[in-house]
């Protein structure tokens, strides 16, 4: 038992060291020798746990995606007949942004490591993505049935909900853009709603009536969210 615990600690130490190095200097520039030195472990101990640097990268990548999956599972609304489409869209985009801000190093790590994942591991990566699509599909099914959401494939719904937010956040965390996605959450939600929800005219009221006429946004739920009637 104690031996197993020591082995788990060694593997954790190796993965933590590799994560730090991959983020600091990239996958290609990080050698196995670097990882061993940072983890304070021997070559023998390393190969007792892992087959090489590619497996280290894949273990880390899968852990990142599992963290993302757990975060989305925690915010996805239950698929009930009373579910409001726009509230679900807001919850999913907001939930992803919250996770990405708290775990921004994981966002960068996924982007760094995915190009180096071997083909034999891609099925495990795909399974993580499919699990996210499945949760979103289960939520969207009732909304599509009741006419509150357009009937499009689950992968398309996932891509429209999370794709733009992921891309914008990745550019920001890499330093390629100074646009903080969290400051534009409402815009990202409105954009997703305008595509996924059936379109309906919006009649402004109150302060909105004094603003320039806006393009119709998505459905009654969207009107409720953005302060219209």
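Derivation of every value follows stated rules applied to the coordinates shown; laboratory data play no part. Because the structure is a prediction, the values reported are computed rather than measured. Here the Cβ positions follow ideal geometry from the backbone for every residue, glycine too, while neighbour counts run over all protein chains shown.
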- quick shape note, the chain: Cα extents on principal axes in Å, largest first -> 69, 36, 31
- Message: If I stretch the segment between residue 177 and residue 98 completely, what's the gain in nm (0.36 nm per residue apart, minus their alpha carbon distance), one decimal?
- Response: 26.6 nm
- GNM flexibility winner over the chain from 142, 25, 68 (Cα, springs under 10 Å): 25
- Report the relative contact order of the chain, percent, no decimals, based on alpha-carbon pairs under 8 angstrom and at least 6 residues apart. 19
- Message: Students often check this: by mean Cβ neighbours within 10 Å, which of 83-89, 176-182 ranks highest, and how do the rest follow?
- Response: 83-89, 176-182
- What is the distance, in nm, between label points placed 7 Å from the Cα along the Cα-to-Cβ direction at residue 51 and at residue 75? 3.6
